[in-house]
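One structure is given here, and the rest of the page talks about it.
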Amino acid sequence: MIHFDNTYLRDLPGTYLRQAPDVAPAPALVVLNESLAAELGLQIDDPVGWFSGAVVPQGAEPAALAYAGHQFGGYSPTLGDGRAHLLGEFLGPDGRRWDLQLKGSGRTPFSRGGDGKAALGPMLREYLISEAMAALGIPTTRSLAVVTTGETVLREAGQLPGAVVARVAASHIRVGTFQYFAKRGEMDKLRTLLDYTIARHYPAVSGALGLFDAVAAAQARLIAQWMGVGFIHGVMNTDNMALSGETIDYGPCAFMEGYAPGTVFSSIDRQGRYAYANQPLILGWNLARLAEALLPFFDADAEKAVDLANARLDGIAALYRTEWVAVMRGKLGLLGEDAGDGALADDFLEAIQGVDWTLAFRRLSGAVSEETAYLALFEDAGLVTAWLPRWRARLRGDAAAAMRAVNPAVVPRNHLVEAALDAATAGNLQPFHALLAQIQNPFGAEAGREAFTLPAPTGFGRYVTYCGT
């Protein structure tokens, strides 16, 4: 059994609505993350019942959480969990607190006309990508299981098998959670939420300014890690920024192949708001919305509070740049720190325009001693040829091995993800499990698994992803 201890519901009245998940008519287990369950000390007595919504585990208190959010820049005052149910919280063996949530588990008062359901493909996408991020060492929510419901849901592709994903997260507190109460003027609830978030995630800090600084640091580090592996979230709305610093909500996400700063995959991001290169900018924009929500607690003097907020927001770009340069130092195998490392990384990106992002970094380790094979990646190798001597002058002694330990050979290639999801939807899970096994070992040698290390074949075409709602 799972020993639930539901502090969010106990300590934060008015921040949720109690709501049981829908009872799946004919649930069946698709995949269970047994290693994650063991890591978290969970005994899963009834994975089909618990994770489909058919059975509420003892001690669970299902609820839909309230939050607001800016979606593509437009403010929505009431979003909330429209197809998700927080079952409750539990403590892992190390004492860390975790949320257990079902997604795709039915309508709630926040569904806004939606069906509250999810199709199998998007739930397996969340499982795959979140497991890939975890293996890459990037903070993320994790998928514990995917269960089909025995129902069908209507989506762009027609009638599809319905499914629920069970996920664990450090919490589901979002920037949008703070916005919800700030915009409504519910200062007592906002203060209680502030104190709760500090106690749960950043107990070493004090007050709203301390929380803001901690969240900004965690998010700057997270986005820099995204950028390092070419990950594009696709919907960086304020309701999708978790104060814990974890990646949350894997909807129209994907990994970039050919390096192009303007890359967008999401079908609904027609203006490129959340393009690859814009993710650091949206980091600052979202943090500005958090600062607005926290402003009354920065200082009792409104003018001073604004000055304090602006001073911090003015520093976000430099904060992110520091984190990004640190990521690049690791990926490039550089020795120590040098003031010119940021420029060296910038010039490398200029040289690899159009080249596969993952291969450009992974195979660079071979150019430590011999560059001919590496240059074969490029149609025009002029820029990178001029760059290589500058890079070699900054290398650490064990650069090649160090680079292979941080630059993945395998990421969830888009054509492989789509093939696995299509096959699973048709009833064949073998491609899904084959891909899952590979992405859980991202830094291993390429030999014997070349099919998982190469870009999409010619003719795959422009890749488009969907939210799945």
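Structure summary
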quantity: In segment 32-64, the residues that are part of a loop (DSSP other than H, G, I, E, B) and either in contact with an Asp or Glu (Cβ under 6 Å, 6 or more places away or on another chain) or small (G, A, S) (or both); calculated: G41, G53, A54, V55, G59, A60
quantity: Segment 328-338 - residue that is hydrophobic (A, V, I, L, M, F, W, C) and buried (at least 20 other Cβ atoms within 10 Å of the Cβ) and, of those, nearest to L283 (Cα to Cα); calculated: M328
quantity: Of the criteria (1) open to solvent by less than 40 Å² (accessible area, probe 1.4 Å); (2) under 19 Å from K103 (Cα atoms); (3) not in a loop (DSSP other than H, G, I, E, B), which one A24 fails; calculated: (3)
quantity: Only listed residue being in contact (Cβ under 8 Å) with a residue 24 or more places away in the chain, in contact with a helix residue (DSSP H, G or I) (Cβ under 6 Å, 6 or more places away or on another chain), in a strand (DSSP E or B) and of a type in the set (A, V, I, L, M), chosen from L79, L17, L29, L86; calculated: L29
quantity: All positions within segment 112-132 that are among the acidic types (D, E) and open to solvent by less than 20 Å² (accessible area, probe 1.4 Å); calculated: E126, E131
quantity: Residue tally, condition under 17 Å from A163 (Cβ atoms), outside any strand (DSSP E or B) and open to solvent by less than 60 Å² (accessible area, probe 1.4 Å), over segment 89-111; calculated: 2
quantity: Any chance A214 is at pLDDT 95 or above, more than 23 Å from T78 (Cα to Cα) and either among the hydroxyl-bearing types (S, T, Y) or open to solvent by less than 30 Å² (accessible area, probe 1.4 Å) (or both); calculated: yes
quantity: Of residues in segment 340-364 being among the acidic types (D, E) and open to solvent by 10 Å² or more (accessible area, probe 1.4 Å), the one nearest to A409 (Cα to Cα); calculated: D356
quantity: Segment 252-271, subset in a loop (DSSP other than H, G, I, E, B) and touching a helix residue (DSSP H, G or I) at 6+ places or on another chain (Cβ under 7 Å), residue most open to solvent (accessible area, probe 1.4 Å); calculated: G262
quantity: Residue satisfying all of: in segment 289-315; crowded, with 17+ Cβ neighbours inside 10 Å and either under 20 Å from the mean Cα position of the chain (by Cα) or polar (S, T, N, Q) (or both); farthest from L209 (Cα to Cα) among these; calculated: R289
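One line per residue, one yes/no per condition, for (1) within 24 Å of L349 (Cα to Cα); (2) at pLDDT below 95; (3) of a type in the set (V, I, T):
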site: T385; (1), (2), (3): yes, no, yes
site: L388; (1), (2), (3): yes, no, no
site: V410; (1), (2), (3): yes, no, yes
site: A420; (1), (2), (3): no, no, no
site: L429; (1), (2), (3): no, no, no
site: A434; (1), (2), (3): no, no, no
site: Q438; (1), (2), (3): no, no, no
site: G444; (1), (2), (3): no, no, no
site: G461; (1), (2), (3): yes, yes, no
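The values are calculated or read from the model by the stated rules, or taken from the named source; none is laboratory data. Everything quoted here is computed from the prediction, not taken from an experiment. Cβ coordinates were reconstructed from backbone atoms using ideal geometry, including for glycine residues, and neighbour counts include every protein chain displayed. Keep in mind that these areas ignore ligands, DNA and RNA; they rest on the heavy atoms of the full protein, side chains included. Shrake-Rupley method; radii C 1.70, N 1.55, O 1.52, S 1.80 Å.
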